[in-house]
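The values are calculated or read from the model by the stated rules, or taken from the named source; none is laboratory data. Quick caveat, the model's predicted, so the values are computed rather than measured. Ideal geometry is used to build each Cβ from the backbone, glycine not excepted, and the neighbour counts take in all protein chains shown.
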Amino acid sequence: MSRMLAQRPYLLRAFYNWIVDSENTPHIIVDATKKGVEVPQKFIEDGKIVLNISPCSVMQFSMDDNAISFNARFSGQAMQVYVPVYAILGIYARENGAGTMFPDEVSYDDVLEKSPDKDKKPKPKGPTLTLVK
């Protein structure tokens, strides 16, 4: 059996378009503990954050097979948000809750295992001291 592509990006786009075309407000549920997620830390609860991704709420919105990114204001502060698709747990309409939760996908196991830890930063190379006798 051939390996299938991850279905999450396709379903995410379909649900997003359906919610927006229905004149509702799309929200995504994000696992903020996943590698590569860049969201405002003070709004994370129990390792998750809900983000309004309505076209009238965000700027420079981009959604592709790998991630959603946009600029938005949180408590008056502008912030660039970056959410890898594998960190999106679900999408729904704020007005009526219509949407879906995404199942775990084997397709993302390799990505998550091979991703460098964002907290580990290379040590900067600077001057060193050498003992000369």
Among the residues of region 21-53 satisfying the criterion of being under 14 Å from the mean Cα position of the chain (by Cα) and on the phi > 0 side of the Ramachandran plot, which is surrounded by the fewest Cβ atoms within 10 Å (Cβ to Cβ)? G47
In region 30-66, what residues are aliphatic (A, V, I, L, M) and farther than 16 Å from Y16 by Cβ? A32, V37, V39, I44, I49, M59
So in region 67-89, with the set limited to residues that are touching a Phe, Trp or Tyr at 6+ places or on another chain (Cβ under 9 Å), among the polar types (S, T, N, Q) and assigned to a strand (DSSP E or B), which one is farthest from I19 (Cα to Cα)? Q80
Residue check for F70: among the aromatic types (F, W, Y) and more than 11 Å from the chain's Cα centre (by Cα): no
How many residues does region 60-99 contain that are within 14 Å of A14 (Cα to Cα) and not hydrophobic (A, V, I, L, M, F, W, C)? 5
S57 passes all but one of (1) hydroxyl-bearing (S, T, Y); (2) surrounded by fewer than 14 Cβ atoms within 10 Å (Cβ to Cβ); (3) assigned to a loop (DSSP other than H, G, I, E, B); which number fails? (2)
Name the residues in region 79-107 that are at pLDDT 95 or above, out of contact with any Gly (no Cβ under 9 Å at 6 or more places or on another chain) and either loosely packed, with under 14 Cβ neighbours inside 10 Å or among the aliphatic types (A, V, I, L, M) (or both), would you? M79, Q80, V81, V85, I88, L89, E95, N96, G97, A98
If I go through region 90-107 residue by residue, how many of them are of a type in the set (V, I, T) and part of a strand (DSSP E or B)? 2
Scanning region 67-78 for residues that are surrounded by fewer than 13 Cβ atoms within 10 Å (Cβ to Cβ) and under 16 Å from V39 (Cβ atoms) gives N71, R73, S75, Q77, A78
Neighbours by Cβ (under 6 Å, 6+ apart or cross-chain): first from region 50-69, more than 11 Å from I28 (Cβ to Cβ) and in contact (Cβ under 8 Å) with a residue 12 or more places away in the chain; second part of a loop (DSSP other than H, G, I, E, B) and among the charged types (D, E, K, R): none
Could you grab me the full set of residues in region 83-97 that are farther than 15 Å from I53 by Cα and more than 16 Å from the chain's Cα centre (by Cα)? N96
Among the numbered conditions (1) in contact (Cβ under 8 Å) with a residue 12 or more places away in the chain; (2) surrounded by 14 or more Cβ atoms within 10 Å (Cβ to Cβ); (3) at negative phi, tell me where W18 comes up short. (1)
